[in-house]
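Participant: Sharing a structure with you now.
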Amino acid sequence: MAEKKLDFIPTGLCEELVAGEKLREDKFFTLLGIIGPIIAYFSIGLAIYFSPWFSWYKNALSDLGHAQKSSVSPIFNSGLLLSGFLIAIYAVKSLSKHAKYTSISLVFSALMLQSIAAFDEIYGEIHLIVSILFFVSAGISCVIYSIEEKTVLAALAFLVGLLTWILYWMDMYEAGIAVPEIISALAATSCVIQSALKSIGSFRK
């Protein structure tokens, strides 16, 4: 019956309906590139708010996700898991259309973000490895994006993240490792959000 009804719809109108549906899908997947990072920072902020023991001078962000020592681990870890999932979908369904190699790198970064939550500090070296892989791959994603899209912001984001870690390991400022973690993460996700905003802007043309 559905096929018969479609026979009465003019071809031009059919094409417009399909194009409209495709545009709505593209917009939805593109928005995930903004929503994903926001969820991560919201969960981190909420976890810190409910953790008076947390200190930017002593702790790592992952301390919030310790399943045995942190009462807010469900908030922190579920936020990272959901954020990584949404960012991965964005990379595959939206970013890949105009920045293929960045999308591949970003999917890996998103998986490592989820791994940080799945393999919290209880897992010791495994947690350390996936954490390092996340920050390294996030930086690499910025470099690839700056090359593919010829954007200065992505290059600056990489440099900010790298410099933050170098200064930390050189003891140039007193802080817990959470400080370079959040700064480098913010720098990297600025590229993700920029790419999503760029795509949204193209929808209006």
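The values are calculated or read from the model by the stated rules, or taken from the named source; none is laboratory data. A quick note: this is a predicted structure, and the numbers were derived from the prediction, not measured. Cβ coordinates were reconstructed from backbone atoms using ideal geometry, including for glycine residues, and neighbour counts include every protein chain displayed.
Participant: Any idea how many residues of the stretch 42-77 are of a type in the set (F, W, Y) and in contact with a Leu (Cβ under 8 Å, 6 or more places away or on another chain)?
Facilitator: Of the residues in that region, 2 qualify.
Participant: Across the stretch 60-71, which residue is farthest from S199 (Cα to Cα) among those that are surrounded by 19 or more Cβ atoms within 10 Å (Cβ to Cβ) and touching a residue at least 24 places away in the same chain (Cβ under 8 Å)?
Facilitator: Taking the candidates together, the pick is D63.
Participant: So, one more: Does the stretch 46-59 contain any residue that is within 19 Å of V130 (Cα to Cα) and out of contact with any Gly (no Cβ under 7 Å at 6 or more places or on another chain)?
Facilitator: No, because not a single residue in the stretch 46-59 is within 19 Å of V130 (Cα to Cα) and out of contact with any Gly (no Cβ under 7 Å at 6 or more places or on another chain).
Participant: Oh, and also: Taking the residues in the stretch 123-132 that are buried (at least 17 other Cβ atoms within 10 Å of the Cβ) and in contact with a Phe, Trp or Tyr (Cβ under 8 Å, 6 or more places away or on another chain) as candidates, determine which candidate is farthest from S105 (Cα to Cα).
Facilitator: Out of the qualifying residues, it is H127.
Residues checked against (1) more than 22 Å from F85 (Cα to Cα); (2) in contact with a strand residue (DSSP E or B) (Cβ under 7 Å, 6 or more places away or on another chain); (3) at pLDDT 60 or above; (4) aliphatic (A, V, I, L, M):
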| residue | (1), (2), (3), (4) |
| --- | --- |
| L6 | yes, no, no, yes |
| C14 | yes, no, no, no |
| V18 | yes, no, no, yes |
| I39 | no, no, yes, yes |
| S51 | yes, no, yes, no |
| Y57 | yes, no, yes, no |
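Participant: Right, next: Going through the stretch 146-171 one residue at a time, which ones are assigned to a loop (DSSP other than H, G, I, E, B) and either surrounded by 15 or more Cβ atoms within 10 Å (Cβ to Cβ) or not basic (K, R) (or both)?
Facilitator: T151, M170, D171, listed by residue number.
Participant: Got a sec? Which of Y41, Y90, Y101 is buried (at least 21 other Cβ atoms within 10 Å of the Cβ) and in a helix (DSSP H, G or I)?
Facilitator: Sole residue among the options that is buried (at least 21 other Cβ atoms within 10 Å of the Cβ) and in a helix (DSSP H, G or I): Y90.
Participant: Look at A117 and say whether it is under 15 Å from the mean Cα position of the chain (by Cα), of a type in the set (A, V, I, L, M, F, W, C) and either within 24 Å of S55 (Cβ to Cβ) or assigned to a helix (DSSP H, G or I) (or both).
Facilitator: Here the answer is yes, as A117 does meet what is asked.
Participant: Among the residues in the stretch 118-128, are any closer than 26 Å to K198 by Cα, in contact with a Ser or Thr (Cβ under 8 Å, 6 or more places away or on another chain), among the acidic types (D, E) and without any contact (Cβ under 8 Å) to a residue 60 or more places away in the chain?
Facilitator: no
Participant: Could you pull out the residue among I140, I193, I122 that is more than 18 Å from the chain's Cα centre (by Cα) and either part of a helix (DSSP H, G or I) or among the basic types (K, R) (or both)?
Facilitator: I122
Participant: Identify, from the list E181, E174, the residue that is among the acidic types (D, E) and in a helix (DSSP H, G or I).
Facilitator: E181
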